[in-house]
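First the structure, in the form of C-alpha cells, and then the observations on it.
The values are calculated or read from the model by the stated rules, or taken from the named source; none is laboratory data. Computed from a predicted model, the values in this text were never measured in an experiment. Note that we place each Cβ from the backbone using ideal geometry, even for glycine, and neighbour counts take in every protein chain shown. The protein model used for the area step is the full one, side chains on, heavy atoms only, and it has no ligands, DNA or RNA in it. Shrake-Rupley method; radii C 1.70, N 1.55, O 1.52, S 1.80 Å.
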Number of protein chains: 2
Amino acid sequence: MVKGLDKVGLESSLRAVERETLNDRVYRELRTMIMSGGFAPGSEMKLRALAQSLHVSLMPVRDAIGRLVVERALKMLPNHRVIVPETTIDEFLEIRRVRILLEGEAAALASQHVSPDVIASLKRIHEKIKSLSGNKQRQFWALNQEFHFAVYEAAKSPLLLSMIESLWLQIGPVFNHIPINLTSEGARGHHRIIAALGAGDAKAARAALTEDLMKGGDRIIAALIQDKQPAR
Amino acid sequence: MVKGLDKVGLESSLRAVERETLNDRVYRELRTMIMSGGFAPGSEMKLRALAQSLHVSLMPVRDAIGRLVVERALKMLPNHRVIVPETTIDEFLEIRRVRILLEGEAAALASQHVSPDVIASLKRIHEKIKSLSGNKQRQFWALNQEFHFAVYEAAKSPLLLSMIESLWLQIGPVFNHIPINLTSEGARGHHRIIAALGAGDAKAARAALTEDLMKGGDRIIAALIQDKQPAR
DNA sequence: AGTTTTGATTTGTGATAACAAATCAAAACT
DNA sequence: AGTTTTGATTTGTTATCACAAATCAAAACT
C-alpha cells in the first residue's frame, strides 16, 4: 500500500514558489496597504474601484474584503458598506489591553529559545531605528513593526503570531495617519527587550514589552486626543 | 423598466422576515455546525456538496469558507482543499495557553461590572449542568459554552469576545468528537467562577477560570492521547 | 423656500458558466 | 506484474451578468 510517495519530492521542489491565486494576491496586497497606511481611516472600500485599480474582476476583491472584515481590519457598516475603521480612544485602549496580553506572552515564550542570530538581527533593526533622522513616521512604523515581529516569530507559536498580526492590522491606519511626536524614547524600550531576551528572562521580557506598548500607546492616545480637539 | 420579476415573489416575502444576506446565513450556519461538532476533524469541505445541501449556489459557500479559513476554524491544505482541522496535542496546548490569557482577562474584566441578573443566569446554567444525567457529551459542551460566554459577554469587550469565539471555534470539533470521561468535577470550577464574579474579585475570577481551563484541558489531552494510542 | 417624490445611478449580492488544476481510474506499456 | 501514461471527472478559481438595495440629484409639489 505504498502509493504515490515517489512524486512528493519532485512536486514540492517544483512548487517552491507556491501557486498563488489572484484571490490571495489581492488579499495580501490590500492587507499590506492597510497595515502600512495606504488608506485613511474612514475611507470607503468600494469593490469596483478597487477591482479596477488592481486590474482584476469584482470577485477576488470581494473575497479579500470579506476576509479582512472578519479579522476586523475593515469594518462593515449596517448599510453593508465597508470602510477602514476609525479607531476611538476606547477601542484603542481595548486593543492595547489585548496586545499586552498576547505580545507579552510571545516575548516571554521567545525568551525561552531565542537563537543568537535573532538577537543579532534585533540589534541591527534597533540601530536602524536609532539612526532614523527627523520625523520619518512611516519608516519608524515599518522598522518598529519589523523589530516586534522578529520577536514574535521567535516565539514559535503560529497561533499567537496570527492573532498578533490581526491586532496590528487594526491599529495600522491609526499609526500612519495620526501625526505622532517621535522621540528617541522608544529606543530604550527596545534595548531592554533585547537584553531580557538575551538573558533568557521570560518575566523581564514580558515586562519590557509591556512597558514599550504602554509608553508607545500613551503617545498615540495623546495624539488622538490632540487630533480630536482642534476644529474640524 | 421591467426586467425580470420571475423570482421576486418568494424572495421578497422571505426577506421581510430575515434581514440577513445569504452570505451571512451560510457563514453562521457553517460556523455553528463546526462549533457544535457537525463535522468530524479531517473531513473535507467541498464547495458543491455544501452548496447543494444548503440549497444555495457556490458563491455564498465559497465566501463563508474563506472567512472560516481566516479565523482558523477551517484549514486550507496546499492543494487548496479545505478540511476541518485535526488538532494535535501541541496545537491544543497552544490554544489553551492563549485561551487562558484571553478568557482569564475577560473573567477579570467581567468581575468589575457584573450585574446581579448575569450572576443569576450563570447559576441557572450551572444547575442545568449539574443535573445533566449520564454522559451526554454534546449537551454538556453546549451548556458549558453557554456558561462561559455568559461570563465573557459580561466583560463588555467586543474585541476579546470575538477573539475568544474564534478560539472556541478551533477546539469545537475536538470536544465533540473525542470521547471524554465526564465527571462532576467541572461543576466545582464553575461554582468558584460564580463566587469570584459575585465578590467582584478580579484576581480570583482569573484564577478560577484558569483552573477550570487547565482541569478541563487535562481531561481532553488525556482523551487525545488515549484516542491516538489504540489501533485505528 | 423647503420638503417630498421620483428617476437614474451606484453599490453590494448572488447565480451561472468558462476555465485550470488536481485527482482518479482504466488502458498501455515495459 | 508493476509502472507509466492517458483520458475523464471532480474540485477550486475567476469573469461576466442580472438583480436588489441604497444613494444621490433633479424635478414636483405644497
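Going by the alpha-carbon gyration tensor, a ≥ b ≥ c the square roots of its eigenvalues, is the protein assembly as shown rounded (a/c under 1.5) or, if a/c is not under 1.5, prolate (a/b greater than b/c) versus oblate? Mind showing how you got there, number by number?
Working: a/c = 1.31, a/b = 1.10, b/c = 1.20.
Rounded shape, in that the Cα axes give a/c under 1.5.
Based on Cβ point charges of +1 for Lys and Arg and -1 for Asp and Glu, what charge dipole magnitude is obtained for region B:89-228 about its Cα centre, in debye rounded to the nearest 20?
360 debye
Only counting protein heavy atoms at a 1.4 Å probe, give the residues of region A:78-113, ordered by number, whose accessible area falls by 50 Å² or more when the other protein chains are present relative to the chain alone.
The answer is A:Glu94, A:Arg97, A:Val98, A:Leu101, A:Glu105 - residues whose exposure falls by at least 50 Å² when every protein chain is included.
How big is D, in µm² s⁻¹, for region B:94-184 by Stokes-Einstein at 25 °C and 0.890 mPa s if Rh is the Kirkwood radius over C-alpha pairs?
Working: Rh = 14.0 Å.
Roughly 175 µm²/s, to the nearest whole number.
Buried accessible area for the A:B pair, summed, 1.4 Å probe, in Å² rounded to 100? Before the final figure, lay out each step's value.
Values: alone 13840 and 13850 Å², together 24940 Å².
That pair of chains buries around 2700 Å² in total.
For chain B, take the longest principal axis of its alpha carbons; what is the angle in degrees between that and the long axis of helix B:158-177, to the nearest 10 within 0 to 90?
Helix B:158-177 sits roughly 90 degrees off the main axis of chain B.
Given a 1.4 Å probe and heavy atoms of the protein chains only, how would you sort A:Met59, A:Met45, largest accessible area at the top?
Details: A:Met59 75, A:Met45 15 Å².
Highest to lowest solvent-accessible surface, that is A:Met59, A:Met45.
Treating the point 7 Å from Cα along Cα-beta-carbon as the label, what are the nm separations from B:Asn135 to the other copies, to one decimal?
Copy-to-copy label distances at B:Asn135, shortest first: 6.7 nm.
Across chain B, where is the longest run that never hits GluC sites (Glu not before Pro) in a DSSP loop with at most 13 other C-beta atoms within 10 Å? The partial results should precede the final answer.
Numbers: sites that count: B:Glu18, B:Glu20.
It works out to B:21-232.
Which one of B:Ser131, A:Met163, A:Leu30 is farthest out on the positive end of the charge dipole of the protein assembly as shown, using unit charges on Cβ (Lys, Arg +1; Asp, Glu -1) and the Cα centre as origin?
A:Leu30
First measure r as the distance between the Cβ atoms of B:Gln145 and A:Asn135, then evaluate 1/(1 + (r/R0)^6) with R0 = 56 Å and state the FRET efficiency to the nearest 0.05. Don't jump to the answer; show the numbers that get you there.
On the way: r = 49 Å, r/R0 = 0.88.
With R0 = 56 Å, the Cβ-Cβ based efficiency is 0.70.
As a check on your grasp of the helix formula, calculate [θ] at 222 nm for the protein assembly as shown: sum -39500 (n - 2.57) over DSSP H runs of n ≥ 4, divide by the residue count, round to the nearest 500. Provide the component values of the computation, followed by the final result.
On the way: 20 runs with 325 residues, N = 464.
Result for the protein assembly as shown, helices only: -23500 deg cm²/dmol.
Before I look further, what does region A:89-228 give for accessible area per residue, probe 1.4 Å, in whole square angstrom?
Values: 6270 Å² over 140 residues.
Averaged over the residues of region A:89-228, the accessible area is 45 Å².
Report D for region B:38-172 in µm² per second (integer): Stokes-Einstein, Kirkwood Rh on Cα pairs, 25 °C, 0.890 mPa s. Could the numbers behind the result be given before it?
Working: Rh = 17.0 Å.
D = 144 µm²/s.
Using a 1.4 Å probe on the protein chains only, how many percent of the accessible area of region A:136-229 belongs to carbon and sulfur?
Numbers: 2260 of 4140 Å².
Looking at region A:136-229 in its full context, I get 55 percent from C and S.
Hey, what's region A:21-66 come to in accessible area per residue, 1.4 Å probe, Å²? Could the numbers behind the result be given before it?
On the way: 2290 Å² over 46 residues.
Using a 1.4 Å probe on heavy atoms only, each residue of region A:21-66 averages 50 Å².
Can you work out the FRET efficiency for the pair A:Ala187 and B:Thr32, with r the C-beta to C-beta distance and R0 = 56 Å, to the nearest 0.05? Spell out each step's value before the answer.
On the way: r = 49 Å, r/R0 = 0.87.
For A:Ala187 and B:Thr32, the calculated efficiency is 0.70.
Dipole of the protein assembly as shown (Lys/Arg Cβ +1, Asp/Glu Cβ -1, origin at the Cα centre): which of A:Leu197, B:Leu50, B:Val82 lies farthest to the positive side?
Farthest towards the positive pole: B:Leu50.
What is the distance, in nm, between label points placed 7 Å from the Cα along the Cα-to-Cβ direction at A:Glu211 and at A:Ile119?
That separation, rounded to one decimal, is 1.9 nm.
What are the label-to-label distances in nm, one decimal and shortest first, from B:Asn181 to the same spot in the other copies, with labels 7 Å along Cα to Cβ?
6.3
With 23 Å as the limit, write out which pairs from A:Lys75/A:Lys156; A:Lys46/A:Lys136; A:Lys123/A:Lys215 have Cα-Cα distances beyond it, or answer none. Let's see the in-between values first.
Details: A:Lys75/A:Lys156 30 Å; A:Lys46/A:Lys136 30 Å; A:Lys123/A:Lys215 20 Å.
Where the Cα-Cα span goes over 23 Å, the pairs concerned are A:Lys75/A:Lys156; A:Lys46/A:Lys136.
Where does chain A land on Rg(C-alpha)/(2.2 N^0.38 Å)? Mind showing how you got there, number by number?
Values: Rg = 20.1 Å, N = 232, 2.2 N^0.38 = 17.4 Å.
Rounded to two decimals, the normalised Rg is 1.15.
Using alpha carbons only, how many angstrom separate the centre of region A:144-164 from the centre of region B:76-148?
26 Å
Output the 0 to 90 degree angle, nearest 10, between the alpha-carbon long axis of helix B:202-228 and the longest principal axis computed from the alpha carbons of chain B.
Tilt of helix B:202-228: around 70 degrees.
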